[in-house]
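Step one of this worksheet: look at the structure below.
The values are calculated or read from the model by the stated rules, or taken from the named source; none is laboratory data. Note that this is a predicted model, so its numbers are computed, not measured. All Cβ positions, glycine included, derive from the backbone under ideal geometry; neighbour counts span all protein chains shown.
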Amino acid sequence: MAKAFGRRDVLRGMAAAALLGRRARADDPKSVPEQIIDTMNALFGKHPGFRSAHAKGIVCEGEFLPAASASGLSKAPHLQGNPVKVTVRFSDSTGVPDIPDGATAASPHGFAVRFHLPGGGSTDIVSNAYNGFAVATGEEFLAFLRAVAESGKDAPKPTALDKFLAAHPKALKVVTAPKPTPASFATEPYFGVNAFLFTNSAGKARYGRYQFRPEAGSKFLTTEEAARKSANFLVDELGDRLAKGPAKFRLVVQLAAEGDPVDDATAVWPDERSIVELGVLSITKRAADNDAAQRALGYDPLRLVDGIEASDDPLLELRSAVYAISRRRRK
Ligand code: HEM
């Protein structure tokens, strides 16, 4: 039976590594992204060849067929009617490469998609299964990680994490929100969280956020069911599923209404906001040499293309810088 890998386990690892984490203090001359990676490595351990976050995953290949409505939103080349190839990676949360797929800390799962553009080049979407984020800036995220690092099992109460969450009610909401384990990587929705600016060929520009909606519907397990699953059940299930047929997602963009914050990932827009259908992603097979494929890939939320621009959300620049450091360290 898979061991439940709860927050306490993460915290235990974090506490053991708090000494390392202490190297990255506010007066540290290193950049915030560098300090974030140091703290992540301290929390999850250093695992050469693996990502500092979302370390465990599976790479697959497939195709994206844009909907007719996609070109009305953006002039981006992969949204103009013709199918393009995609390389995707599903992942478990944390920088622990052997985390059981059904562990609480493995959620929210990640879904990264690279579109191979007609005429060369590529563009990425890096999404996860939780709609919203705990904090709005890199500095706050670093403070959050450090609070976790200092709040091991034996830390005096209230812990640094208790204090951080008391001062950041939105983070408390995210940390305590249910994040159930799905029956399959293909039966949960994924959210882009950060806003982008989409411009069509007539020059009309609108802010929006990506969502991937599973064609198989949303199906989740109870905590007990998840704990009984084998450590790699999500990764294994996907292989079995694809042997029978493609796993499909509808890619949509949720449009911002007047006044919706477009620079704050903690501000989730209401469900009633208009949706533009961008098309259908069909995942058809696992990449052949999966370990090599995972190592070679480096997604970047700012790998963009004409017709899709970053919003002023500070997390976008931050994530891009952090991912680049993680990539360099895992080479
Ligand atoms: C402060 C904000 C964040 C930080 C510091 C952060 C950090 C990281 C790092 C270090 C990696 C490993 C990159 C690599 O080695 O290639 C990563 C991967 C990933 N992150 Fe984030 N992340 C943040 C926010 C987010 C958000 C908001 C989402 C979802 C919307 C997300 C989804 C993912 C996914 C899916 C991956 C795995 C990509 C892959 O499969 O290669 N992250 N993140």
All but one of (1) crowded, with 23+ Cβ neighbours inside 10 Å; (2) in contact with a Lys or Arg (Cβ under 8 Å, 6 or more places away or on another chain) hold for residue 116; which doesn't?
(1)
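Before we move on, is residue 323 of a type in the set (Phe, Trp, Tyr), outside any helix (DSSP H, G or I) and within 8 Å of the ligand (Cβ to nearest atom)?
Judged against the criteria, residue 323 is not a match.
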Odd one out for residue 96, checked against (1) near the ligand (Cβ under 9 Å from one of its atoms); (2) touching a Gly at 6+ places or on another chain (Cβ under 8 Å); (3) of a type outside the set (Asp, Glu):
(1)
Looking at segment 186-209, I want the residues that are closer than 21 Å to residue 316 by Cα and have a partner that is away from the ligand (no atom under 14 Å from the Cβ) and in a loop (DSSP other than H, G, I, E, B) with Cβ atoms under 6 Å, at least 6 apart or on another chain. Which pairs are those?
195/262; 198/74; 199/307; 207/256; 207/262
Unmet requirement for residue 253, which otherwise passes all of (1) closer than 29 Å to residue 47 by Cβ; (2) within 16 Å of the ligand (Cβ to nearest atom); (3) within 20 Å of the chain's Cα centre (by Cα):
(1)
Does any residue of segment 129-140 turn out to be among the charged types (D, E, K, R), within 15 Å of the chain's Cα centre (by Cα) and at pLDDT 95 or above?
no
For residues that are without any contact (Cβ under 8 Å) to a residue 40 or more places away in the chain and more than 25 Å from the chain's Cα centre (by Cα), tally how many sit in segment 150-165.
6
Mind listing whichever residues of segment 288-320 are part of a loop (DSSP other than H, G, I, E, B), crowded, with 17+ Cβ neighbours inside 10 Å, of a type in the set (Gly, Ala, Ser) and at negative phi?
298, 311
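Taking the criterion of being within 16 Å of the ligand (Cβ to nearest atom), among the acidic types (Asp, Glu) and either crowded, with 18+ Cβ neighbours inside 10 Å or in a loop (DSSP other than H, G, I, E, B) (or both), would at least one residue in segment 266-278 satisfy it? I'd like the intermediate steps shown before the answer.
Of all residues in segment 266-278, those within 16 Å of the ligand (Cβ to nearest atom) come to 266-269.
Now restrict to residues that are among the acidic types (Asp, Glu): none.
No.
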Of the residues in segment 33-81, how many are aliphatic (A, V, I, L, M) and closer than 23 Å to residue 152 by Cβ?
7
